[in-house]
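The numbers here are math on the coordinates, done by the rules we state, and not lab data. Bear in mind that the values here come from a model prediction, so they are computed numbers and not experimental data. Neighbour counts run over all protein chains shown; Cβ positions are idealised from the backbone, glycine included.
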């Protein structure tokens, strides 16, 4: 009888691993969907994801992972690890909601699908010679939890990091803008608005002038630049000259260099408001910038193949509903130091798009539940493929 070849044995092992991953996701399907719905029903904004992070930690502990909460002294960060192989693969989970909109970006789907992917990959970690970590990363919506964790060494020794983000449709490649977050404050002088207006310095007028200047400047900015923001405080009473105003603004570009160039011009607009009114400007970044995403295309090709086998159909990320791939993310910073992918999983929400109330409602539909399971399966299979493909494995290990 002819002995099976080494290649045949490897293929059989790969098929066995894939079957185990599919079975593991299927066996956890009800609990993963329940986790998604539970997080959705209890939206928590950046740095306040106490319930969500606890539920994620409990799910990982129940699956036999070694779990650390308050990870690196970040209260709502979680690290859960299984396996001891030399190839260290991380699945990132997000669970923060948007102020006033709840889970209108679908981070409940991210959390539950990432939990599922890590559990499924952890099931075969020993066979694959890998270490799998589920990293719960808070405050993606403009605060940058991953940046804090990066600075504290969370990604040291990690060979690849993956996650999937919901959108209206499936898009393979993340092309997010680099973004800098700005805190803007004007300090003026209060006075009676009717009796002694000449004694006041109107900090609200300073903001108005800056906004008009930015609006006019947009004609001269590249189509790839985005500038937007809001005034969060404009005064206290209509009969008092406002002595203090503040707001938050974002400046985005396709690259960090383009973002920085645009910021210099936007800064002059804010300075103009101060100059025209006599107010004092206080302008500074709110946390570190998010940078552009560096996709690992070898990993992405594996994900696309696995997702298509699950029936997913990918859309151009440059047009129409696919443009969610252009949203900024702190995962971009991770991708600059660790090979990474950040594909988008569709939840069939059209015409609703991210950051709308209607998208939040769509994040717990049947299509969204399917996205949880498909993303979990697709990511876990991708990690398995990376571990069993000698070329990919050696590259990630640095050999």
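Angle of helix 256-277 to the longest C-alpha principal axis of the chain, folded into 0 to 90 degrees and rounded to 10: 20°. Considering only 143, 261, 44, the Gaussian network model of the chain with Cα springs below 10 Å gives its largest mean-square fluctuation to 261. Considering every alpha-carbon pair of the chain, the percent of pairs per 10 Å bin, from zero through the bin containing the longest distance, is 5, 22, 29, 21, 12, 7, 3, 1, 0, 0, 0.
With the simple spin-label model, which puts each label point 7 Å out from Cα in the Cβ direction, the residue 152 to residue 248 separation comes to 2.1 nm. Comparing Cα centroids, the stretch 50-96 and the stretch 379-393 end up 21 angstrom apart. Residue order for 305, 265, fewest other beta carbons within 10 angstrom first, comes to 305, 265. Maximal additional length on extending the residue 228-residue 283 stretch stands at 18.3 nm, based on 0.36 nm per residue less the C-alpha distance. For a modelled paramagnetic label at residue 199, 7 Å from Cα along Cα-to-Cβ, the residues of the stretch 233-258 in reach, with backbone nitrogen under 18 Å, are 237-244.
With a Cα-only, solvent-free Debye model of the stretch 80-136, what are the log10 I(q)/I(0) values at q = 0.17, 0.21, 0.30, 0.31 Å⁻¹? Values returned for q = 0.17, 0.21, 0.30, 0.31 Å⁻¹ are -0.54, -0.69, -1.07, -1.12. Note on 249, 47: ascending count of other Cβ atoms within 10 Å places them as 47, 249, the fewest first. Taking every alpha-carbon pair under 8 Å whose residues sit at least 6 apart, the chain reaches a relative contact order of 23 percent.
Its residue count N sets the reference 2.2 N^0.38 Å, and the alpha-carbon radius of gyration of the stretch 180-285 equals 1.13 times that reference. For the chain, adding -39500 (n - 2.57) for each run of n ≥ 4 DSSP H residues and dividing by the number of residues yields -13500 deg cm²/dmol at 222 nm. Angle of helix 203-217 to the longest C-alpha principal axis of the chain, folded into 0 to 90 degrees and rounded to 10: 60°.
Between 179, 319, 169, the GNM of the chain built on Cα springs shorter than 10 angstrom shows 319 fluctuating the most.
With bins 10 Å wide beginning at 0, the percent of Cα pairs of the stretch 1-157 falling in each bin runs 12, 38, 30, 13, 5, 2, 0. Tell me the angle of helix 107-123 to the major Cα principal axis of the chain, expressed in degrees between 0 and 90 and rounded to the nearest ten. Helix 107-123 sits at roughly 30 degrees to that axis.
Using a 10 Å cut-off around each Cβ, can you sort 315, 255 from fewest to most neighbouring Cβ atoms?
By the 10 Å Cβ count, ascending: 255, 315.
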